[in-house]
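Following: one structure in structure tokens, then a few remarks.
Every number here is computed from the coordinates shown, using simple stated rules; none is lab data. These numbers were taken from a predicted model, which means no experiment stands behind them. FYI the Cβ positions are ideal-geometry reconstructions off the backbone, even for glycines, and counts take in every protein chain you see.
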Amino acid sequence: MDNKDKLFGLIDLNWRFELTKFKQVGKLFKSRWFPLLPIIVNLFIFVIILLAGFIGGYSSGSYNFGIMIVWILWWVMLMFILVPGFSRSWCLMCPFPIFSDWFQRKRLFGVRQGKLEGLGLKWPKQLKNMWVMNIGFLVTTFFSGLFTVKPFATFVLLGGIILLAFLIGLIFEKRSFCLYVCPVSGFQGLYAQFATAEIRRMNPELCKNHKVKTCFVGNECGYGCPWMLTPFDFKKNTYCGMCLECFKTCPYDNMGFFLRPPGVDLLSDTPREPRRLDEAWKAFIMLGIAAVFFLTMQGPWGVLKDMVRQATFKGWLIFITLHSFFCLVGIPGIFFIFSCLSKLFSGNKEVSLRQIFINFAYTLVPIGLGVWIAFSVGIILPNGSYLIHVISDPFAWGWNLFGTAHFPWTPVFTGSLGYIQGFVLVIFYLFATALGFRLSKQTYLDLSQAKRGWIPILIFLTLVTILFLWLYLG
Amino acid sequence: MKKSVIILICIAAVILFALLVNYGATHVRGVPVKIVEQKAEVLEVPFFDKDIDLNKGIATDFWSGLKPQEIKLIYQLMALPWPKSSTPMVKVTAFHNTKDIYFYMEWIDETEDKILGVNKFSDACAIMFPMDEKAQAPTLMMGFLGRADIWHWKASRDIQFWLKEEPVNNKVYVDLYYPFEDKETLVVSKEIVKSAVNDLTAIRVGTVTPKENQYVEGRGFYNQGVWQVVFKRSLKAVDAQNDAIFNSGKRLCAFAVWNGSKGERGGRKSISDWVELLIK
């Protein structure tokens, strides 16, 4: 990365602000209570969510604690604040893998040195990528009409994920589930590349001279990276689950938590963490799902809603067929055409079409994140007031714990909804174009080729943004 | 830890979750209640070599020689408004002569209500046949989930058709049609009654529609606090799409009775459960 490279001529891409230099933050990150404490708090909340889905009174989705907390609050927090702001900070506090962690470590709190419990098998090499997560998340969306409406369906989904996390933890090593299976993990990893925070080692020389690499193998203060990364040299947020074990195991306190400009990981392409086809497809799938979710959940087309909510089996089959085709073939296919045009326009013969396709697919990270944030605005503003009801009556048993059980449905700023969504889309489009041109320069290496090769991709990004502006603004 | 122990834990966890999901799925709407399927009452429709000319009456002597089936009625409460009282029972008999099918309904009613007026309603009865042969309980009300053929006899209509009497007092029909229409050359809004029975079709509550062709005949008499009504239609359906078909051995039907003096009209009525017709 150019030392003087500034985004929009304003934001220095090399700027970092270390938060762990504040003693209290540093101390917190070194403590074994953190992130255990937020995980336990979250575990308590998820127990209530599961109970609400399992034994809660019969209520509509909007009056169910599980559905409202998971699909309204959590989803919006994830897309709105956690991922774009703090990378995979959800993984830091996620309670799903805690049972397998406890089982493997045979400790609730402390550190157990030596071999972990369980079979500890290596994850199959062919599946060491995002494909399982890609397909898993896409398949999950087939049932979106149930999960967002029927509390019991949410129970089955979350319970199934917790069970799967536990089973995989028994059979495979460390956090194989989080790294290769969890449907929530894939898109967080992808979009965390745009996040304005990162965990990185501070002084590379110190790591170089530290032969034991305790961040990877662990010591008496903490476990070796449960995500099987090498914290002493990773360059991207994609697969760092922010478990903070590397802070605890580093004897030199050489790990730092930094604020940074958005999207810098998109420009990183190292032999250890290269840009990959599975990540590119993740970007296509996420963009496709966002479009389909908007059409089916916020659009005016009742026929689509009927398909998604499985009014007829035939209609649902049509939905999953079209949805899958759109996400797995349609969008990548269109993008491939624009990649071909990019190569044609650039006049470059050396760079492979595959490399062009993969590199430029990362321009869809800011676009996709913007689309999802805009979609989340469309969820929280009309429906957020239901949260005030459900905290007083989490099990739909007629409780009124905080006196808010009768709080009426109160949409907020819905008159400005389209404009807010449009504003978000335009901002993220600008980031996509700014970062995209840098990707073009990395791809073609020659400025004039990069400029020419960038034109078709810029047109594609513009068309996608216009399409979503049309959808959101009408 | 041994491999076998881990495998056992995995199997136990999966089974436990499956049991949990099964329990949740069966209890998601509360504790499941086993509903015993009630056996429908059976009304036999035997063959008799008998033809009844309704112009001459309803052949009361013949019907009294047959053993009627007592059908329990309850007041309708599937759709508002509900009736305030009920007719508890109707006696029903039926037969066919290979050409026509006949139904005889008899029920107790203290008052004879056949003249319409302000807040005055006619006594009536009806038979409904679901067009779907496998109609389930929820389809009872006006063919709630499927089409139904309904034969609706009304006392007021009966006197209009058979006795050519005006069924209304004090010209209250002003809201329904132009009161002097009879004196006009062409009658356009006043219904020309073709039968004492209105042959209707419906697909759910609020969709009752008279059929274009009326093939059902009927006649009723009030005698010492008892209504006796006979329905008659050709055994073979003229319009198989809209008329009840009696060619199979078993058919479902349901009965309804309205007591006009109790303010019953429309949905305010007493109805039976499904009754199985056994056509012999």
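Looking only at the stretch B:1-59, residues that are of a type in the set (D, E) and touching a residue at least 24 places away in the same chain (Cβ under 8 Å) come to 4 in all.
Flag not set for A:F142, criterion: in contact (Cβ under 8 Å) with a residue 60 or more places away in the chain, among the hydrophobic types (A, V, I, L, M, F, W, C) and within 13 Å of chain B (Cβ to nearest Cβ). Scanning the stretch A:261-293 for residues that are more than 18 Å from the chain's Cα centre (by Cα) and of a type in the set (D, E, K, R) yields A:D269, A:R272.
Restricting attention to the stretch B:261-280 and to residues that are under 20 Å from B:G206 (Cα atoms) and among the small types (G, A, S), the residue that is surrounded by the most Cβ atoms within 10 Å (Cβ to Cβ) turns out to be B:S270. Restricting the stretch A:167-183 to residues that are more than 14 Å from chain B (Cβ to nearest Cβ) and part of a helix (DSSP H, G or I) leaves a set whose member that is surrounded by the fewest Cβ atoms within 10 Å (Cβ to Cβ) is A:P183.
Examine the stretch B:65-81 for a residue that is part of a loop (DSSP other than H, G, I, E, B) and within 14 Å of another protein chain (Cβ to nearest Cβ), and state whether such a residue exists. No, because not a single residue in the stretch B:65-81 is part of a loop (DSSP other than H, G, I, E, B) and within 14 Å of another protein chain (Cβ to nearest Cβ). A:G302 falls short on exactly one of the conditions (1) without any contact (Cβ under 8 Å) to a residue 12 or more places away in the chain; (2) under 16 Å from the mean Cα position of the chain (by Cα), and that condition is (2).
Look at A:K128 and say whether it is within 24 Å of B:I7 (Cα to Cα), surrounded by fewer than 14 Cβ atoms within 10 Å (Cβ to Cβ) and either of a type in the set (K, R) or under 26 Å from the mean Cα position of the chain (by Cα) (or both). No, not satisfied.
Taking the conditions (1) under 18 Å from A:D101 (Cβ atoms); (2) more than 18 Å from the chain's Cα centre (by Cα) in turn, A:L206 satisfies each one other than (1). Scoring B:A13 on the criteria (1) surrounded by 12 or more Cβ atoms within 10 Å (Cβ to Cβ); (2) more than 14 Å from every other protein chain (Cβ to nearest Cβ); (3) not in a strand (DSSP E or B) leaves a single failure, condition (2). Condition check for B:S4 on (1) within 14 Å of chain A (Cβ to nearest Cβ); (2) surrounded by 11 or more Cβ atoms within 10 Å (Cβ to Cβ); (3) of a type in the set (S, T, Y): one failure, at (2).
For (1) over 24 Å from the mean Cα position of the chain (by Cα); (2) more than 23 Å from A:Q298 (Cβ to Cβ); (3) part of a helix (DSSP H, G or I), each residue gets a yes or a no:
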{"residue": "A:I331", "(1), (2), (3)": "no, no, yes"}
{"residue": "A:F335", "(1), (2), (3)": "no, yes, yes"}
{"residue": "A:R354", "(1), (2), (3)": "yes, yes, yes"}
{"residue": "A:P366", "(1), (2), (3)": "no, no, yes"}
{"residue": "A:L369", "(1), (2), (3)": "no, no, yes"}
{"residue": "A:F375", "(1), (2), (3)": "no, no, yes"}
{"residue": "A:L381", "(1), (2), (3)": "no, no, yes"}
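Of the candidates A:W71, A:W102, the single residue that is part of a helix (DSSP H, G or I) and either free of Cβ contacts under 8 Å to residues at least 40 places away in the same chain or in contact with a His (Cβ under 9 Å, 6 or more places away or on another chain) (or both) is A:W102.
Residues that are within 14 Å of another protein chain (Cβ to nearest Cβ) and buried (at least 18 other Cβ atoms within 10 Å of the Cβ) do not occur anywhere in the stretch A:200-223.
Restricted to the stretch B:16-41, and to residues there that are surrounded by 12 or more Cβ atoms within 10 Å (Cβ to Cβ) and not in a helix (DSSP H, G or I), the residue that is farthest from the other protein chains (Cβ to nearest Cβ) is B:E41.
Residues in the stretch A:184-201 that are of a type in the set (G, A, S) and assigned to a loop (DSSP other than H, G, I, E, B): A:A195 alone. In the stretch A:240-263, is there at least one residue being in contact with a Ser or Thr (Cβ under 6 Å, 6 or more places away or on another chain), under 30 Å from A:V371 (Cα atoms) and part of a helix (DSSP H, G or I)? No, that holds for no residue. Inside the stretch B:200-233, residues that are surrounded by 17 or more Cβ atoms within 10 Å (Cβ to Cβ), part of a loop (DSSP other than H, G, I, E, B) and hydroxyl-bearing (S, T, Y) make up a count of 1.
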